[in-house]
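Structure first, then comments.
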């Protein structure tokens, strides 16, 4: 997978690494990264919708309590 690596420490103390990948490995890695990102986006969207539903439910309960008083 890795054809070449080089490590360097920059003047500010950060570590840098240069990697060389062959074409097949980079395509596989890119596809895997995109799929993972899409799954994370879907999970975040579901979490957002769930929190929005909970907030709407809480607002409706509060509204109904005011009406009953």
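Details
- Sole residue being modelled with pLDDT under 85 and not in a helix (DSSP H, G or I), chosen from 57, 19: 19
- Any hit, the range 17-25, residues being touching a strand residue (DSSP E or B) at 6+ places or on another chain (Cβ under 9 Å) and loosely packed, with under 10 Cβ neighbours inside 10 Å: yes
- Residue in the range 28-42 that is at pLDDT below 80, surrounded by 10 or more Cβ atoms within 10 Å (Cβ to Cβ) and within 26 Å of the chain's Cα centre (by Cα) present: no
The values are calculated or read from the model by the stated rules, or taken from the named source; none is laboratory data. Small disclaimer: the values here were computed from a predicted structure and weren't measured. Virtual Cβ from ideal backbone geometry, glycine too; neighbours counted across all protein chains shown.
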